[in-house]
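Input: a single structure, listed below in structure tokens.
The values are calculated or read from the model by the stated rules, or taken from the named source; none is laboratory data. Since this is a predicted model, take the numbers as computed values, not measurements. Note that each Cβ is placed from the backbone with ideal geometry, even for glycine, and that neighbours are counted across all protein chains shown. Only protein heavy atoms, including side chains, enter the accessible area calculation; ligands, DNA and RNA are left aside. Shrake-Rupley method; radii C 1.70, N 1.55, O 1.52, S 1.80 Å.
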Amino acid sequence: MPSEARQPPKDDDFHPCKLCGERSAQPTYRLEAGTLLTCRRCDFHFLDHLDPLPAEGEEELGELDEKSWKYISERLGTSEGELPWRLRLVEKYCSLPGAKCLDIGAGVGQFLLRLRAADADGTGIEPSRLRRLFARREFDLHLEEQTIEAPRWREKFTAFFDVITLWDVIEHVNFPAETIRCAFQLLKPGGALFVDTPSREVLPYRLSLLASRLSGGRLPLFLSSYYSALPYGHKQIFTPGQLARLVEQSGFEILAQGAGYDELLGMRPPLLRPRSKIILVARKPPTG
């Protein structure tokens, strides 16, 4: 990936593709949140929007008032059903007692609690101040503010972690290739990476692309619902092949990839289960 992908584009230059790095991304679909770009080389889709990077020492504004507390509380159950599956998947590939684990985009720390209950040494990163405050007050958890791209992680934690997880996170970050490269650096040789993310191959997305093309962009159907310019919104959506490429180009070996936790855990998936997610397990190659 060329250097343009490491910092916000200058003069609104979004032409370098976030996945392959070629200057071949073109504005293609006009959405409510902005313009969706597509790469002519690898067909990667990403929004022409980046979350602003806070200046060093700058504190995110906002307080965890009653309204914010209620909003977060009401959404705690959204991923609750996936938490035990995620833990079982990690346990399939890693011995958790004593393992040093990093949960990137930890939210309010629900998965981190399960890691610690499994006797793992868990650390969580969450850039949202309100969610960090919620985790502290509700679960007595301290979550780290600085994202994995911050220099302090490489300076103090290179080859430190046994497990790194990104659950529904990679679609939200500004530069996914940089995020995965940093994860590679922080993992010990032989350490495992776990990623899940929405899939671009679901029928509503594919129909929306077709309708938008045929209508000259006047009828995007559901396409706008997949992307958001709000803080921590969806900035890119992957196909399974693109996610595999993202991980492999950083040096990882892919151990497993599928559309459901049951599939990766060796269980028979439902016959008509929608393939709405991509779940991937990878390993940093052992030295020698």
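Any residue that is open to solvent by 40 Å² or more (accessible area, probe 1.4 Å), at pLDDT 95 or above, under 24 Å from A282 (Cβ atoms) and polar (S, T, N, Q) - is there at least one of those in segment 153-162? Within segment 153-162, one or more residues are open to solvent by 40 Å² or more (accessible area, probe 1.4 Å), at pLDDT 95 or above, under 24 Å from A282 (Cβ atoms) and polar (S, T, N, Q). Do the conditions hold for R23, that is, is it touching a helix residue (DSSP H, G or I) at 6+ places or on another chain (Cβ under 9 Å), modelled with pLDDT under 95, open to solvent by 90 Å² or more (accessible area, probe 1.4 Å) and under 28 Å from V163 (Cα atoms)? No; evaluated as a whole, the condition is false for this residue. Within segment 138-151, is even one residue open to solvent by 20 Å² or more (accessible area, probe 1.4 Å), under 20 Å from the mean Cα position of the chain (by Cα), of a type in the set (S, T, Y) and closer than 23 Å to P231 by Cβ? Scanning segment 138-151 turns up at least one residue that is open to solvent by 20 Å² or more (accessible area, probe 1.4 Å), under 20 Å from the mean Cα position of the chain (by Cα), of a type in the set (S, T, Y) and closer than 23 Å to P231 by Cβ. Note on segment 257-268: residues that are open to solvent by 20 Å² or more (accessible area, probe 1.4 Å) and of a type in the set (A, V, I, L, M) total 2.
Taking segment 176-288 and the helices (runs of 4 or more DSSP H) fully enclosed by it, the elements with 1 or more residues that are closer than 26 Å to Q146 by Cβ are at 176-186, 240-248. Do the conditions hold for E171, that is, is it farther than 22 Å from A259 by Cα, acidic (D, E) and within 17 Å of the chain's Cα centre (by Cα)? So E171 does not fit the description; no.
Can you say whether G81 is at pLDDT below 85, surrounded by fewer than 18 Cβ atoms within 10 Å (Cβ to Cβ) and out of contact with any helix residue (DSSP H, G or I) (no Cβ under 7 Å at 6 or more places or on another chain), as far as the supplied structure shows? The answer is no for G81.
Conditions (1) open to solvent by less than 10 Å² (accessible area, probe 1.4 Å); (2) modelled with pLDDT of 95 or more; (3) at negative phi, marked per residue:
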position	(1), (2), (3)
R88	no, yes, yes
E91	no, yes, yes
L102	yes, yes, yes
G109	yes, yes, no
R114	no, yes, yes
A117	no, yes, yes
T123	no, yes, yes
R129	no, no, yes
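Within segment 201-245, the residues that satisfy the criterion of being open to solvent by less than 50 Å² (accessible area, probe 1.4 Å) and more than 30 Å from L255 (Cα to Cα) are S208, L209, A211, S212, S215, G217, P220, L223, S224, S228, A229. If I filter segment 211-224 for residues that are free of Cβ contacts under 8 Å to residues at least 12 places away in the same chain and among the hydroxyl-bearing types (S, T, Y), do I get at least one hit? Yes: segment 211-224 contains one or more residues that are free of Cβ contacts under 8 Å to residues at least 12 places away in the same chain and among the hydroxyl-bearing types (S, T, Y).
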